[in-house]
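Enquirer: I have a structure here, written as structure tokens, and I will follow up with some questions on it.
The values are calculated or read from the model by the stated rules, or taken from the named source; none is laboratory data. None of the values given here were measured: they were computed from a predicted structure. For neighbour counting, all protein chains shown are included, and Cβ atoms are generated from backbone atoms with ideal geometry for every residue, glycine included. For the accessible areas, the whole protein counts, side chains as well, though only heavy atoms, and no ligand, DNA or RNA atoms are used. Shrake-Rupley method; radii C 1.70, N 1.55, O 1.52, S 1.80 Å.
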Amino acid sequence: MQGVETSAVVGRILVCGSGLAAEMTVATLAAQLPPHVAIMRVDAGDQRASDLFYGSVTAPSAYAFNLSAGVDERRLILTSDTSFSWGTRYADWGGRGWMQGFALPFPVIDGVQLHQYLALVGGDAITPYIAGVQAARRGVFVHPPREGDGQHPLGRAEYGYQFDPVDYAALFAAAVPAGRVERVGGSVVGVEVADGAIAGVRLDDGSLLTADLYVDCSGPAALLLAALAPDWRGTRRIALAVEDDAGGDETPLRTVRVTPDGWQSETPLKGRVRRMRVSAAGPAEVVLGRRSHGWVGNCVGIGQAAAVVEPLTPAPMMLLEQDIQRLLTLIPARRDMVVEAREYDRRFADDHDHADLFQRAFFTADGLPDGPYWQAATAECVPEKLARKLAMFADRGVLVAYDLEPFHPEDWTILHLGLGSRPRRHDRLADRADPGRVRQYLSTMERDIEQAVAKLPPARLYRAQLEQYLKRGMV
């Protein structure tokens with residue numbers, strides 16, 4: 001068989017997959033690529049079980065990502081059970097509880113970060129100064145004000161979405177313009193490889209499907225990418241089970257609780273509550289970790305085809321969005337894809353390794369149970385980068401940051417304090433401020449947020465009124 005040609009222009013892209021990653025990828029490519037680039041789609045079997053491991057909550061980045069794929073919030077509100085989210089409450093994690101809320105960057109006053117002033121005056125929590133957290137505790141919601149309202153108490157609030165993967169995937173499937181994507185019948189039964197690249201995908205009817213670029217969205221099975229990159233970095237296995245209960249008040253807040261066997265979450269959606277249980281063994285299992293390469297030859301792995309992340313935080317969805325956006329920025333002009341693959345892999349590795357630091361920080365908490373799930377999670381050694389983050393914050397409140405981390409400094413600040421870390425020393429630049437004035441500033445900030453949040457409607461009522469508004473076409 002002849003090797004893959006390296007000079008021709010890339011004009012045909014094949015996406016292999018049947019679940020959430022495939023729908024999001026196809027919708028984004030269809031919306032962003034010029035019409036002369038043909039997009040083909042072939043299914044990869046039922047992926048509903050593995051899609052559960054994407055979790056049930058997104059980060060605030062989902063709003064802009066969805067728009068880039070042709071899914072605006074009007075469509076999301078009117079045609080899905082997706083609900084709004086201020087973040088996740090970790091109700092009892094190692095004997096501690098905190099709200100991991102979303103927020104824009106915290107105020108920096110005279111060059112000093114907000115948490116340093118808390119250390120100066122002996123404050124032990126930052127949550128009173130996060131509007132979204134206070135709104136979540138009351139079960140209320142409105143869209144935060146934006147342009148021209150920077151001084152509003154809710155101006156720094158951010159929100160994500162609470163979702164069911166099947167329901168969420170349908171939004172992206174419906175957004176693809178008719179005729180833009182060629183749906184190929186049949187299923188994949190084999191992959192033909194030549195010179196380190198895919199030469200064709202064999203279907204169950206015996207036909208060979210060829211393309212210039214292959215995008216593997218087939219989940220942990222990685223039907224295409226595994227033929228080129230069979231290695232897997234990671235050994236910890238987790239299992240997941242879900243069930244839905246009718247009703248609920250559509251609280252804009254996911255709740256996670258520790259159990260002897262692992263952890264469980266409750267995610268309010270429109271008209272139902274998604275309950276998820278994560279443990280060490282069960283009917284639906286995956287091995288956490290990633291491949292050494294996300295792009296090999298002419299094949300790119302998206303989402304779980306390249307890496308599987310525990311749905312303890314919004315990390316699975318954040319990284320899935322970043323995989324797709326990274327692919328979009330590196331769509332090759334020609335079939336020689338060495339440069340694009342190298343850059344993709346660099347950013348892929350950094351994104352996943354840095355997200356893993358945030359996830360692993362949870363398991364450094366004291367007082368966690370001792371079952372098989374917890375033994376496996378806490379037995380993993382703490383990476384040097386994470387050890388530096390934890391030590392520097394505990395010593396002097398310094399937020400150690402690496403390039404382009406998926407989780408932002410405010411996420412890390414909330415997590416450090418939520419896990420009980422209190423800086424032994426504060427930034428000496430904060431000593432320029434009078435402690436009395438600092439206390440007054442913080443008190444005023446807390447009061448303003450409390451008063452603003454007290455006026456907000458319950459999330460379910462706001463959703464119902466928003467639906468009526470949108471249905472009337474007043475957009």
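Enquirer: If packing is taken as the mean number of other Cβ atoms within 10 Å per residue, what is the order of 171-179, 287-295, 193-201, highest first? Working shown, then result.
Expert: Working: 171-179: 15.3, 287-295: 21.0, 193-201: 17.2.
Answer by packing, highest mean first, reads 287-295, 193-201, 171-179.
Enquirer: Still on this structure: Might you tell me the accessible area per residue for the chain, computed with a 1.4 Å probe and given in Å²?
Expert: Details: 19870 Å² over 475 residues.
That works out to 42 Å² for each residue.
Enquirer: Could you give the dipole magnitude of the chain about its Cα centre, charging the beta-carbon of Lys and Arg +1 and that of Asp and Glu -1, in debye to the nearest 20? Walk me through the numbers on the way to the answer.
Expert: On the way: 50 positive and 59 negative charges, 219 e Å.
Once rounded to the nearest 20, the dipole reads 1060 debye.
Enquirer: In terms of solvent-accessible area of protein heavy atoms at a 1.4 angstrom probe, what is the ranking of K270, K471, K389, highest value first? If you can, show how the numbers build up before the last one.
Expert: Numbers: K270 70, K471 145, K389 5 Å².
Greatest to least solvent exposure: K471, K270, K389.
Enquirer: Once you keep just the Cα pairs under 8 angstrom separated by 6 or more residues, what percentage relative contact order results for the stretch 224-371? List each step's numbers first, then the result.
Expert: Working: 218 pairs, mean separation 34.2, N = 148.
Taking the mean separation of contacting Cα pairs over the length of the stretch 224-371, I get 23 percent.
Enquirer: If we sort 123-133, 211-221, 444-454, 417-427 on the protection proxy, mean other Cβ atoms within 10 Å, highest first, what's the order? Could the numbers behind the result be given before it?
Expert: On the way: 123-133: 20.7, 211-221: 26.0, 444-454: 15.1, 417-427: 17.5.
Put in order of decreasing packing, that is 211-221, 123-133, 417-427, 444-454.
Enquirer: Next question, about the same structure. For T235, T79, T378, give the ranking by accessible area with the largest first, probe 1.4 Å. Intermediate results must be reported in sequence, preceding the final value.
Expert: Numbers: T235 130, T79 90, T378 70 Å².
Solvent-accessible surface, decreasing: T235, T79, T378.
Enquirer: Shifting gears a bit: So if I take the centroid of the Cα atoms in the stretch 412-449 and the same for the stretch 301-370, what is the distance between those two points in Å?
Expert: That distance is 33 Å.
Enquirer: How are the C-alpha pair distances of the chain spread across 20 Å bins, as whole percents from the shortest bin up?
Expert: 23, 53, 22, 1
Enquirer: Let me know the charge dipole size of the stretch 185-324 about its Cα centre in debye, to the nearest 20, where only the beta-carbon of Lys, Arg (+1) and Asp, Glu (-1) is charged.
Expert: It comes to approximately 480 debye.
Enquirer: Then there is this: Would you please name the trypsin sites (Lys or Arg not before Pro) within the stretch 70-127 that are DSSP coil residues with at most 10 other C-beta atoms within 10 Å of their C-beta? Intermediate values should be presented prior to the final figure.
Expert: Numbers: sites: R74, R75, R89, R96; in loops: none.
Here no loop site has a sparse enough neighbourhood.
Enquirer: Would you mind checking which residues have amide H under 5 Å from V15's amide H? H placed 1.01 Å from N; only 5 or more apart, or other chain.
Expert: M40, R41, V42, V215
Enquirer: Which percent of the accessible area of the stretch 340-475 is formed by carbon and sulfur heavy atoms (probe 1.4 angstrom)?
Expert: Working: 3860 of 7390 Å².
Here it works out to 52 percent.
Enquirer: Quote the Stokes-Einstein diffusion coefficient, in whole µm² s⁻¹, for the stretch 417-475, based on the Kirkwood radius over alpha carbon pairs, a temperature of 20 °C and a viscosity of 1.002 mPa s. Let's see the in-between values first.
Expert: Values: Rh = 15.8 Å.
In µm²/s, the coefficient is 135.
Enquirer: Turning to a different aspect of this structure: Just how much of V108 is accessible, in Å², when a 1.4 Å probe is used and the result is rounded to the nearest 10?
Expert: Here the accessible area works out near 90 Å².
Enquirer: Give me, ordered by chain and number, the residues 5 or more places off R334 or on other chains with an amide H under 5 Å from its own placed amide H.
Expert: The list, which skips near neighbours in sequence, is V10.
Enquirer: With unit charges on the beta carbons (Lys and Arg positive, Asp and Glu negative) and the dipole taken about the Cα centre of the chain, which residue among A452, T210, W295 sits farthest to the positive side?
Expert: Towards the positive end, the residue furthest out is A452.
Enquirer: On to the next question. Count the DSSP beta bridges whose two residues both fall in the chain, then state the antiparallel fraction as a percent rounded to the nearest 5. Can you show the working numbers first?
Expert: Details: 51 of 71 bridges.
Taking every DSSP beta bridge with both residues in the chain, the antiparallel ones total about 70 percent.
Enquirer: Which loop-located GluC sites (Glu not before Pro) does the stretch 69-166 contain, where loop means any DSSP state but H, G, I, E or B and the Cβ has at most 14 other Cβ atoms within 10 Å?
Expert: Numbers: sites: E73, E147, E158; in loops: E147, E158.
Hits after loop and neighbour filter: E147.
Enquirer: Going through the stretch 193-254, which trypsin sites (Lys or Arg not before Pro) have at most 12 other Cβ atoms within 10 Å and a DSSP loop state? Display every interim value, and only then the final one.
Expert: Working: sites: R202, R233, R236, R237, R254; in loops: R236.
Within the stretch 193-254, no trypsin sites (Lys or Arg not before Pro) qualify (loop, at most 12 other Cβ atoms within 10 Å).
Enquirer: Please report Rg over Rh for the stretch 262-401, where both radii come from the alpha carbon positions and Rh follows the Kirkwood definition.
Expert: Working: Rg = 17.8 Å, Rh = 17.4 Å.
Radius of gyration over Kirkwood radius for the stretch 262-401 works out to 1.03.
Enquirer: Relative to the Cα centre, what is the charge dipole magnitude of the stretch 130-211, using +1 at the beta carbon of each Lys and Arg, -1 at the beta carbon of each Asp and Glu, and rounding to the nearest 20 debye? Don't jump to the answer; show the numbers that get you there.
Expert: Working: 7 positive and 10 negative charges, 101 e Å.
With only Lys, Arg, Asp and Glu charged at Cβ, the dipole is about 480 debye.
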